[in-house]
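The structure appears right after this line, and notes come after that.
The values are calculated or read from the model by the stated rules, or taken from the named source; none is laboratory data. Computed from a predicted structure; not experimentally measured. Cβ coordinates were reconstructed from backbone atoms using ideal geometry, including for glycine residues, and neighbour counts include every protein chain displayed.
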Amino acid sequence: MVTIVRVVRWILIVFLVAFIGAQFVRPVRDNPPTPPASSLAPRATPEVASILDRACRDCHSNDTRWPWYTNVSPTNWLVANHVHHGREHFNYSSWVSYDEDDQDKFLGKMCNLAQRRRMPLPSYLLMHRDAKLSDADIKTLCDWTEKMRDMLE
């Protein structure tokens, strides 16, 4: 019995030391400056801008909100990885850097992924319940993306 207690104590000590040490290794949590004219957001209607802000902004823009839990390892690594991965796939802050074909593709995917309930990610919705898109939100978003796609032609 004494050896089990010793083993558990050592496991807890090692875990605590590793946890504290991990707090000193930080991922990059940046919000690169972006001229407003470069972003998709100013081109959106107020309703769509609200949806983008609530459901897309943190992972798909350069204006990520970094909540308190992104200061604690290992959560900070998970969130930073999601944000950087999301920006690599599509960053609406860099809208003008995409050519018309890519813009068309992104607008189509925006509607399609929302309709299929693939975006926002379920893992994001766990901590951001207000980001869940209603049927009305999806319709508003899809109607707007269709108009935007028509303007590209």
Any hit, the range 76-95, residues being exposed (fewer than 15 other Cβ atoms within 10 Å of the Cβ), on the phi < 0 side of the Ramachandran plot and part of a loop (DSSP other than H, G, I, E, B): no
Out of LEU141, LEU133, sole residue that is out of contact with any Ser or Thr (no Cβ under 6 Å at 6 or more places or on another chain), at pLDDT 95 or above and not in a helix (DSSP H, G or I): LEU133
Condition check for ASP63: in a helix (DSSP H, G or I), of a type in the set (Asp, Glu) and surrounded by 15 or more Cβ atoms within 10 Å (Cβ to Cβ): no
Failed item in (1) touching a helix residue (DSSP H, G or I) at 6+ places or on another chain (Cβ under 8 Å); (2) touching a residue at least 24 places away in the same chain (Cβ under 8 Å); (3) closer than 30 Å to ARG117 by Cβ; (4) not charged (D, E, K, R), with ALA49 passing the rest: (2)
Criterion violated by ALA55 - all others in (1) among the hydrophobic types (A, V, I, L, M, F, W, C); (2) surrounded by 10 or more Cβ atoms within 10 Å (Cβ to Cβ); (3) in a loop (DSSP other than H, G, I, E, B) satisfied: (3)
From the options GLN115, GLN103, residue that is modelled with pLDDT of 95 or more, surrounded by fewer than 16 Cβ atoms within 10 Å (Cβ to Cβ) and more than 13 Å from the chain's Cα centre (by Cα): GLN115
Residues that are without any contact (Cβ under 8 Å) to a residue 12 or more places away in the chain and small (Gly, Ala, Ser), drawn from the range 98-153: SER134, ALA136
Single unsatisfied condition, GLY21 versus (1) loosely packed, with under 12 Cβ neighbours inside 10 Å; (2) not in a helix (DSSP H, G or I): (2)
Residue within the range 64-85 that is without any contact (Cβ under 8 Å) to a residue 40 or more places away in the chain, farther than 30 Å from ALA18 by Cα and not aromatic (Phe, Trp, Tyr) present: no
Failed item in (1) part of a helix (DSSP H, G or I); (2) touching a helix residue (DSSP H, G or I) at 6+ places or on another chain (Cβ under 6 Å), with PHE106 passing the rest: (2)
Candidates ARG43, ARG87, ARG29, filtered to the one that is farther than 29 Å from SER134 by Cβ and among the basic types (Lys, Arg): ARG29
Answer from SER38, SER50 - the residue that is surrounded by 15 or more Cβ atoms within 10 Å (Cβ to Cβ), of a type in the set (Ser, Thr, Tyr), under 23 Å from the mean Cα position of the chain (by Cα) and closer than 20 Å to GLY86 by Cα: SER38
